[in-house]
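Take a look at the structure set out below.
The values are calculated or read from the model by the stated rules, or taken from the named source; none is laboratory data. Note that the structure is a prediction, hence the values are computed from the model and not measured. All Cβ positions, even for glycine, are placed from backbone atoms using ideal geometry, and neighbour counts span all protein chains on display. In case anyone asks, the SASA skips ligands and DNA or RNA and just uses the protein heavy atoms, side chains included. Shrake-Rupley method; radii C 1.70, N 1.55, O 1.52, S 1.80 Å.
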Amino acid sequence: METNCGFNTGILHKASPKGFGNRQILPPISQVTAYGYESMEELEKVFSHKSMGYAYTRIGNPTLTAFEQKMNSLEGGIGAVSCSSGMAAISSALLALCESGDEIIAGRGLYGGTIDLLRDLEKLGIHTVYADVLDGDSVRKLATEKTRAVFGEVISNPALSILDIRAAASAAHEAGVPLIVDSTAATPYLVKPFEYGADIVIHSTSKYINGCGNSIGGIIIDGGKFAWDFEKHSALAGHKKYRKMAFLLKLRTDLWENLGGCMSPMNAYLTYIGADTLGLRMKRICENADALARALSAEEDLAVSYPALPDHPQHSLAVSQFGGLGGGILTFRTGSKERAFEVINSLKYAFIASNIGDLRTLVIHPRSTLYINSDEKSTASAGVFDDLVRVSVGIEDSEDLIDDFLGAVRGSRK
Ligand SMILES: *Cc1c(COP(=O)(O)O)cnc(C)c1O
């Protein structure tokens, strides 16, 4: 198959150029628990990895394989493992790489669930050191001989800070560890992190990849370029013979398999169909978010943040790394919590919901929901303030969204 085709052609054709088993254009939903064999010898071969085959859906399933191959081809990796959720993907990836006594370097302002997970990992002896800004300098400063991974979000949410992937990757590589990125808010439409030196890409596929708000899921994709040092990464030593595939095979045949966080076949099917339209949705979503951000920033009493606006502090990085695209999330500060609530409550089209990446516009007040249990200091470093509104822009007509938001903002002006 021609590999230098465009983004949308690639999504539809690269991973499955001839469709599936019985000439199906879509992967059949293999909604079964186990697979039956003609003889015990055959099943033994599957279990000893001497022949390809499926045995039990927690370990492998053809619908999941189809989805994994699509995601792997989208990001340009050497293989992917699908998971029951974004959090299952992050926890599996980190637990596959780290043992008690090991350290992770992460940026502040991560997704709240990830911060909670990193706190859980402390109890297992896996320590996280935080950089206020995750970049080449901070990684170099924080790296020790205990460091096993650098973890960052390509676009953080709701702070909307952008990771300089190339800088973070080269500092991680100097320290002999991989850069793991959560690219959920960016999607491969904005950037393919492997091209900038990242080693492992994770998505919560519940968001833009599925796009239709119907399935929780996650995925881990391995770029296959990291040369593991099995003395340093002793967590992978048992899979040393697989060399560059060691991380994937440890997940596949050991850690991910045993944690039990597999994706369901139905969710893999729904997310596969969702991903088919990722390029169309992201194009529209980025155009709408850009138009809405510009319209709102003309209102003098709002402070609007959106990576494609020229006054975003990392606008030049958005230009060089995302080709000037800003993604689907914007935030604005209204001056008070009361006004933020009033704006949100008077919107006609936006759902008040704690999610991003749906094709419907979603809106939320992060401080009183996603960050309700966080203290002032950590909310401020996550870019969350009492007057902040977060918008996950959908595919509605931009004129309608702009009318709706401007009406709500102007109506709330005292
Ligand atoms: C939603 C989200 C997650 C967690 O994903 P789930 O599918 O909800 O488990 C992780 N990282 C980011 C950036 C997210 O937006």
GNM flexibility winner over the chain from 399, 103, 75 (Cα, springs under 10 Å): 399
Listed residue pairs exceeding 21 Å between alpha carbons, taken from 18/50; 337/414; 207/250; 207/337; 45/225: 18/50; 207/250; 207/337; 45/225
Size of charge dipole - the chain - debye, nearest 20, with Cβ of Lys, Arg +1 and Asp, Glu -1, no other charges: 640
Residue 303 long-range amide H proximity, modeled H, under 5 Å: 333
Charge-dipole axis of region 1-140 as Lys and Arg at +1 and Asp and Glu at -1 on Cβ define it, positive-most pick from 139, 11, 113: 11
Highest to lowest packing among 276-284, 34-42, scored as the average C-beta count within 10 Å: 276-284, 34-42
Cα centroid separation - region 4-63 against region 235-269, whole Å: 16
Distance between modelled label sites at residue 245 and residue 352, nm, 7 Å Cα→Cβ extension: 5.2
Sparsely packed trypsin sites (Lys or Arg not before Pro) within region 1-95, loop by DSSP, other Cβ within 10 Å at most 11: 18, 23, 50
Exposure ranking of 385, 351, 20 by accessible area [1.4 Å probe, largest first]: 351, 385, 20
Area of residue 165 that stays accessible when all protein chains are in place (1.4 Å probe, Å², to 10): 0
DSSP bridge orientation in the chain - percent antiparallel, rounded to nearest 5: 55
Most mobile of 60, 274, 335 in a GNM of the chain (Cα contacts under 10 Å): 335
Accessible area (Å², per residue) of the chain, counting only protein heavy atoms and a probe of 1.4 Å: 43
Listed residue (409, 347, 328) projecting farthest to the positive dipole end of region 278-411, Cβ model: 328
Crossing angle, helix 278-297 versus the chain [Cα axis fit, 0-90 degrees, rounded to tens]: 20
Distance between region 288-325 and region 78-121 - C-alpha centres, whole angstrom: 30
Debye equation applied to the C-alpha atoms of the chain, log10 I(q)/I(0) at 0.08, 0.12, 0.13, 0.14 Å⁻¹: -0.44, -0.97, -1.12, -1.28
